[in-house]
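Everything below concerns the one structure shown next.
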Amino acid sequence: MSAPDIAVVGYAARIHPEGTAVSEAGLVHTAVTGALDDAGLDRTGIGFTVSGSLDYLSGTPFSFVGALDAIGAWPPISESHVEMDAAWALYEAWLRLRHGDIGTALVYGFGKATQGSLPEVLARQLDPYHLAPLGVDAVSLAALQARAVLDAGRTDEAGLAAIAARSGRPAPGGGEDPPPLPLLPGHTARPADGAAAVVLAAGDTARRLAAEHGTVPVWIRGLDQRIDGHSPAGRDLARCPSAERAAAGAGLPGAPVDLAELHTRHPHEEVLLREALGLGPEVPVNPSGGPLAADPVMATGLIRIGEAARRIADGTARRAAAHAAQGPCLQHNLVAVLEGGAR
């Protein structure tokens with residue numbers, strides 16, 4: 001028996017670039033309610049729930065349990081959690097739906113990245129024996145990769161500046177720390193507080209929900225995720241092999257897309273990912289503004305999938321690519337190919 005087709009049928013996000021006093025549960029409640037309304041479902045219509053978050057952002061263990069207040073304790077739910085960007089929660093939900101015994105899944109991610117020093121928080125994911133003792137942070141490692149991309153001739157300083165300007169990122173404030181060269185002010189994603197939610201549906205359930213809304217399902221035609229070696233010193237930083245393999249696994253190379261939403265926290269990452277995913281210069285990247293404009297960590301990758309699906313649902317695009325990244329220097333990559341239309 002073949003696995004059912006899976007579609008995105010609902011999406012909503014709430015992003016606060018300046019930070020917010022709203023609790024994590026409050027952020028999740030707004031995003032989840034919006035996504036369920038978009039799908040035409042209530043909470044009792046969900047067969048599986050999975051979330052993505054990072055305890056280090058809040059500084060408390062099992063912080064994701066508090067966010068479950070936004071979902072409700074009754075009736076009981078089938079629930080899971082990944083300590084990663086919620087794009088990987090969507091990957092888990094996609095696998096679960098392919099079993100064929102449930103018809104819907106709710107995926108959400110959240111984070112309050114403005115509460116502390118995000119580069120120092122992200123440094124906690126580094127190897128504790130060789131890299132962490134050096135005191136290197138995520139932005140410094142990104143600067144090393146940017147230098148590798150420039151030295152390999154993949155782009156130049158003007159190209160990086162053009163990518164940053166296109167994102168619509170606001171001008172850096174006076175209190176912003178200067179980044180290490182070759183990164184410049186405005187070349188690092190702006191931390192934000194936020195949450196996002198996506199509703200997935202399988203087969204006939206997706207078709208029924210779309211018919212009730214007078215739309216077509218946004219099908220996930222391909223989805224894959226791959227990871228490179230942990231140490232940035234052990235790989236060529238001017239390439240992104242795991243993104244290449246994930247794109248191949250998702251069926252992206254050679255198949256044209258109308259746009260791409262990429263999880264790029266720095267301009268040089270777009271250069272690498274365009275090449276890895278086989279995206280020509282004619283393909284618009286991050287029409288939503290992308291992470292450079294606002295980066296609600298642990299929801300940012302899921303937002304790329306949601307934004308790509310939204311543009312297919314509203315008729316802006318017929319086929320789109322979405323990408324999420326995790327780890328230093330684009331270590332871990334997920335690629336999805338989305339397409340509208342009946343199937």
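The mean sequence separation of alpha-carbon pairs under 8 Å and at least six residues apart, normalised by the residue count of the chain, gives a relative contact order of 25 percent. Taking Cα atoms only, the orientation of helix 86-97 departs from the longest principal axis of the chain by about 30 degrees. The distance linking region 1-63 with region 270-309 is 19 Å (Cα centroid to Cα centroid, whole angstrom). Taking the square roots of 5 times each eigenvalue of the Cα gyration tensor of region 82-200, largest first, gives ellipsoid semi-axes of 32, 19, 17 Å. Please give the calculated 222 nm ellipticity per residue for the chain, where each DSSP H segment of at least 4 residues contributes -39500 (n - 2.57) and the sum is spread over every residue; nearest 500 deg cm²/dmol? Result for the chain: -10000 deg cm²/dmol, rounded to the nearest 500.
Full extension of the chain between ASP314 and ALA21 gives 102.2 nm of extra length, using 0.36 nm per residue less the Cα-Cα distance. Shape of region 249-315 from its Cα gyration tensor (a ≥ b ≥ c, root eigenvalues): rounded if a/c is under 1.5, otherwise prolate when a/b > b/c, or oblate? Since a/c reaches 1.5 but b/c is at least a/b, the shape of region 249-315 is classed as oblate.
Translational diffusion coefficient of region 64-140 at 4 °C, 1.567 mPa s, Stokes-Einstein with Kirkwood Rh over Cα pairs, in µm²/s as a whole number. The Stokes-Einstein estimate is 84 µm²/s. Taken over region 1-151, the ratio of Cα radius of gyration to 2.2 N^0.38 Å equals 1.22.
Please go through region 55-92 and write out the GluC sites (Glu not before Pro) that DSSP classes as loop and that have at most 15 other C-beta atoms within 10 Å. Of the GluC sites (Glu not before Pro), the ones in loops of region 55-92 whose Cβ has at most 15 other Cβ atoms within 10 Å are GLU83. Averaged over its residues, the chain has an accessible area of 40 Å² per residue, based on protein heavy atoms and a 1.4 Å probe. Counting pairs of alpha carbon atoms under 8 Å apart in space and at least six apart in sequence, what relative contact order in percent does region 31-156 give? Relative contact order of region 31-156: 27 percent. Considering the chain at the alpha-carbon level, its Rg and Dmax are found to be 19.1, 60 Å. Taking 0.36 nm per residue of sequence separation and removing the Cα-Cα distance, the GLN115/LEU95 pair yields an extension gain of 3.9 nm. Using only alpha-carbon positions in region 196-343, the gyration tensor eigenvalues give semi-axes of 27, 15, 14 Å once each is multiplied by 5 and square-rooted (largest first). Here the accessible area is traced with a 1.4 Å probe on the protein chains. For region 114-250, carbon and sulfur cover 55 percent of it. Of the GluC sites (Glu not before Pro) found in region 119-222, the ones in coil according to DSSP and having at most 16 other Cβ atoms within 10 Å of their Cβ are GLU176.
Rounded to the nearest 20 debye, the dipole magnitude of the chain is 600 debye, with +1 charges on Lys and Arg beta carbons, -1 on Asp and Glu beta carbons, and the Cα centre as origin.
Out of every Cα-Cα pair that region 1-74 contains, those further apart than 21 angstrom amount to 35 percent.
The values are calculated or read from the model by the stated rules, or taken from the named source; none is laboratory data. All values reported here derive from a predicted model rather than from experimental measurement. Here the Cβ is made from the backbone with ideal geometry for all residues, glycine too, and neighbour counts use every protein chain on show. Side chains are part of the model used for accessible areas, which takes the heavy atoms of the whole protein and leaves out ligands, DNA and RNA. Shrake-Rupley method; radii C 1.70, N 1.55, O 1.52, S 1.80 Å.
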